[in-house]
Structures are given as C-alpha cells and as structure tokens.
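These notes concern the structure reproduced below.
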Amino acid sequence: MSETTAGTDLLPLAPEARDLLFRLARTEDRFADDPVGEDEIRAVHDLVRDGPTAFNQQPLRIHLMRSRGSRRRLAGHLSRGNREKTLTAPLTALLAVDNEFHLRLPELFPHYPGAAAIYARDPVLRERSALVNGALQAAYFLIGIRAAGLAAGPLNGYDEAGLNKDFFPDGRQSVLMVVNVGRPAGPHPRPRAPRLDYEEVYTVH
C-alpha cells in the first residue's frame, strides 16, 4: 500500500512514480546478487543529465568500480562498517567533482562567454561551486537510480584524503561520495526514520 501525505493530490506525478522515487524507496545496504548492467546506468544518465545547475555547470564525474581489484582498492579507504557492504554490492560508484569544471563552460554555457573567467580567477568560488553543483548532480543520480527500479546506498564514511591521493593524485578531481547500487535483497529491516514537518522546514517571509 502506498504511503500518503496531505497535499500530494496536487502533484501531477502519478502515485506509482511517487512511490518509486520517494514514498517507498529506501536507502539500502543489502542487495540481491543481480548484476547492474551498463545499459541501466546509461539509461540513468540519459534521464538525469538535464537536471538544473548554476551556469549549466556539470562538475560531477562518476567512476564505476566494476572490477574486483578496484572495489578492494576503494574498500581499503572506507570505514570498517562500510567495507563489507561495498565489497558485496553488485555495483559501486565513486562520485567525484571535476575541480576544473569551468574549462567546459564555453561549451556548456555559450550564451555567457565570460562565465569561465569568473571561476578561473576565484578558486574559493570555484571549489564551492563544484561541491554545490556536484552535490545537486549526485542527488539527481540517486533519484535516477530509483527511477531505474534500483536502490542506492550512499556512503560518507571514508578517508577522503586517502581516496583523493589514491584515485585522483593529480588533483584534477576530488571525491564527493561513494554509492552502492543494486536491487534490494528484501524488505527493509528497519522502519523509515522520522522526517521534519513542513512547519519545521519552511519559513514564509
């Protein structure tokens, strides 16, 4: 049975889609053995790549850890509680941001030729913008995973400096998060954690 919330009847999105993307979807750390194909991940990308960002920045870079060797290498930088779930997940994605994303802005945002120069001369703004817009794109990626009928288990328990040194030694990219991907192994073992109500989140000025 679908979960319901007051006001959702105003949404044009079909109830089944709401369930798939939000109401019944859960963060997973236990997955079935079914593989996640390259065609599925390409379909996710094709769906979410048009999500909005500032100046059409696209700093997100996704590294798919498909080989056993790359997965073990990655797991060595994870917190102890995240290692086994990563080694047994059908697919693990290492999400990073391109710290030189602004070099692509003449191509991606051609109607404002000066956009790249703004970030070229301000490294603090460039770093913050890469993180903010990379996080936006990461969120679109997670929703796309759900839209594909898959489940995602994003992780933040890792040695950031170690991951960057191992996978991105030239400094061109920086780790953003690790995401395990697959089909749920079964019903989620815990009830959904509480969420804040509208009045606790929104302020009208």
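The values are calculated or read from the model by the stated rules, or taken from the named source; none is laboratory data. Everything quoted here is computed from the prediction, not taken from an experiment. We place every Cβ from the backbone using ideal geometry, glycine too, and count neighbours over all the protein chains shown.
Worth pointing out:
- Members of region 181-204 that are charged (D, E, K, R) and modelled with pLDDT under 95: Arg190, Arg192
- Where Asn82 falls short, out of the listed (1) within 19 Å of Gly157 (Cα to Cα); (2) out of contact with any Leu (no Cβ under 6 Å at 6 or more places or on another chain); (3) in a helix (DSSP H, G or I): (2)
- Lone qualifier among Asp9, Asp29 - being over 17 Å from Ala147 (Cβ atoms), modelled with pLDDT under 95 and in a helix (DSSP H, G or I): Asp9
- Filter pass, Arg30 being without any contact (Cβ under 8 Å) to a residue 40 or more places away in the chain and crowded, with 16+ Cβ neighbours inside 10 Å: no
- In region 61-84, the count of residues that are free of Cβ contacts under 8 Å to residues at least 24 places away in the same chain, over 30 Å from Ala117 (Cβ atoms) and touching a strand residue (DSSP E or B) at 6+ places or on another chain (Cβ under 6 Å) is one or more.
- Every pair of residues 6+ apart whose Cβ atoms lie under 8 Å, when the first sits in region 114-136 and is over 19 Å from Leu94 (Cβ atoms) while the second is among the β-branched types (Val, Ile, Thr): Leu125/Ile118
- Residue match in region 91-100 (condition: hydrophobic (A, V, I, L, M, F, W, C) and not in a strand (DSSP E or B)): no
- Among the residues of region 85-119, none is identified as under 30 Å from Asp34 (Cβ atoms), modelled with pLDDT under 95 and either exposed (fewer than 15 other Cβ atoms within 10 Å of the Cβ) or in contact with a Pro (Cβ under 7 Å, 6 or more places away or on another chain) (or both).
- When region 141-196 is filtered for residues that are surrounded by 18 or more Cβ atoms within 10 Å (Cβ to Cβ), in a helix (DSSP H, G or I) and small (Gly, Ala, Ser), only Gly144 remains.
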